[in-house]
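**Q** Sharing a structure, written as structure tokens. Questions coming.
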Amino acid sequence: MPEISVTLLFVILAAGAVAGCLGAMLGIGGGVFLIPLLNVGLGFPMRTASGISLMTVIATSNAVAASADSRKLLNLRLGMLLQIPAVAGGIIGALLVRRLPVGTLYVIFAAITAVIAVVMIGRLDRRNVILDTSVEPGTLGGRFFEGESGREVVYRVRRLGTGLGVSFAGGIVSGLFGIGGGILQVPALNAWCGIPMRAAAATTAAMIGVTALGSAPIYYMRGHVIAPLAAAGVMGVLLGSRAGLWFSPRTNAKGLKMLMAGVLAAVSLIYLYRSVVG
């Protein structure tokens, strides 16, 4: 494990800023970007990288939930419902992490990121919006002003059971890897549940902090959270989240999907390589 130095703290702060920016834009918490840097780039054990990442996921979630622009997109009713299986999954994932070899974690991480990248590519030109505002969104749907359409749009929730199942799986992924679970929830809500990309990102970003809170104490009690490094990462995330929240409404939905797919594909290749070379 690298020695803690001022230089290392600044590197993690800068990495946290990048992770916070991308995490706030995409609603996935930033851990998927921070973990490869800590684990592959700086040589920290996977579980330590995950523990530190969970702290930054909580910070990103709080920053996004507090944003006025995000609150306009946030579907609170849907988020609260999906949060129940997500927290349960988060606790299970954190308890399972010790039982899985590191090599197995690498393979799972690579596979998940690759599959989600493919899902996002397949959704580039599809939009889950209804332009007829007289349509009722239903109990769990919503409406918001969409820049691409230049008007208010409506969406309805489909396949709620799928959304609940994916939230449970996202919680397990969050507990295993410290990435917040948004990496599964945002693409799933967008691709299978009829939620527009921006609404899915904002709703998930508000959820992932609570999911992470279910796993974080377990990582802390096992000594996987290094306080100075976690603090540096959190400070960076809080700064980067502001930039992400500024960029998000100025980037079209297709651009956000392409960005997510590209980053996930790169992370998948990194961990596929790590699983092979050890």
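Every number in this text was worked out from the coordinates using simple rules, so none of it is lab data. If you're wondering where the values come from, they're calculated on a predicted model, not measured in any experiment. All Cβ positions, glycine included, derive from the backbone under ideal geometry; neighbour counts span all protein chains shown.
**Q** GLY223: net charge of surrounding residues, Cβ under 14 Å, Lys/Arg +1, Asp/Glu -1, itself excluded? Before the final figure, lay out each step's value.
**A** Values: positive: ARG47, ARG98, ARG222; negative: none.
Net charge in that neighbourhood comes out at +3.
**Q** Another question, then. List ILE179, ILE130 from most exposed to least, where exposure is judged by having the fewest other Cβ atoms within 10 Å. Could you put the intermediate results ahead of the total?
**A** Details: ILE179 32, ILE130 18.
Ordered from fewest to most neighbouring Cβ atoms within 10 Å, ILE179, ILE130 come out as ILE130, ILE179.
**Q** In sequence order, what are the phi-derived ³J(HN,Hα) couplings for the range 45-50 according to the Karplus relation 6.51 cos²θ - 1.76 cosθ + 1.60 with θ = phi - 60°, rounded to whole Hz, with x for glycine and proline?
**A** x, 4, 5, 5, 4, 5
**Q** What is the Cα centroid distance between the range 226-278 and the range 140-170, reported in whole angstrom?
**A** So the separation of the two Cα centres works out to 23 Å.
**Q** Using alpha carbons only, how many degrees (0 to 90, rounded to 10) separate the axis of helix 160-177 from the longest principal axis of the chain?
**A** Approximately 20 degrees, to the nearest ten.
**Q** For log10 I(q)/I(0) by the Debye sum over Cα atoms at q = 0.07, 0.09 Å⁻¹, the choices are (1) -0.22, -0.36; (2) -0.29, -0.46; (3) -0.32, -0.51; which was calculated from the structure?
**A** Given (1) -0.22, -0.36; (2) -0.29, -0.46; (3) -0.32, -0.51, the calculated one carries the label (1).
**Q** Sticking with this one: Can you list residues whose amide H is under 5 Å from ASN75's amide H, if they're 5+ apart or on another chain and H is modeled 1.01 Å from N?
**A** THR203
**Q** While we're on this one: Extending each Cα 7 Å along its Cβ direction at LEU160 and ARG99, get the distance between those two points in nm, one decimal.
**A** About 3.1 nm, to one decimal.
**Q** Could I ask something else about it? Taking the Cα-to-Cβ direction at GLU152 and at VAL276 and moving 7 Å from each Cα, how far apart do the two end points lie in nm?
**A** For the pair GLU152/VAL276, the computed spacing is 5.3 nm.
**Q** Net charge near ARG98: determine it from the other residues with C-beta under 9 Å of the C-beta of ARG98, scoring Lys and Arg +1 and Asp and Glu -1. Don't skip to the answer; put the middle values down first.
**A** Details: positive: ARG47, ARG99, ARG222; negative: none.
Around ARG98, the charge tally is +3.
**Q** Checking the a/c ratio against 1.5 first, then a/b against b/c, what shape does the Cα gyration tensor give for the range 137-231?
**A** Details: a/c = 3.38, a/b = 2.05, b/c = 1.64.
Prolate, because a/c is 1.5 or more and a/b exceeds b/c.
**Q** Follow-up. Please arrange ILE58, ILE35, ILE52 by counting, for each residue, the other beta carbons lying within 10 Å of its beta carbon, fewest first.
**A** Working: ILE58 22, ILE35 26, ILE52 29.
Ranking ILE58, ILE35, ILE52 by Cβ neighbours within 10 Å, fewest first, gives ILE58, ILE35, ILE52.
**Q** Could you work out how much longer the chain between ARG222 and ILE121 gets when fully extended? Use 0.36 nm per residue separation minus the Cα distance between them, nm to one decimal. Intermediate values should be presented prior to the final figure.
**A** Values: separation 101, 0.36 × 101 = 36.36 nm, distance 3.81 nm.
Value of the extension gain: 32.6 nm.
**Q** What number comes out for the charge environment of LEU73, summing +1 per Lys or Arg and -1 per Asp or Glu over other residues with Cβ under 13 Å away?
**A** Values: positive: ARG71, LYS72, ARG143, ARG198; negative: ASP69, GLU146, GLU152.
Summing Lys and Arg as +1 and Asp and Glu as -1 gives +1.
**Q** Still on this structure, I have one more. Output ³J(HN,Hα) for the range 125-134: one whole-Hz value per residue in order, computed from phi by the Karplus curve 6.51 cos²θ - 1.76 cosθ + 1.60 with θ = phi - 60°, and x for Gly and Pro.
**A** Listing the rounded values in order: 9, 10, 10, 9, 10, 10, 7, 7, 6, 7 Hz.
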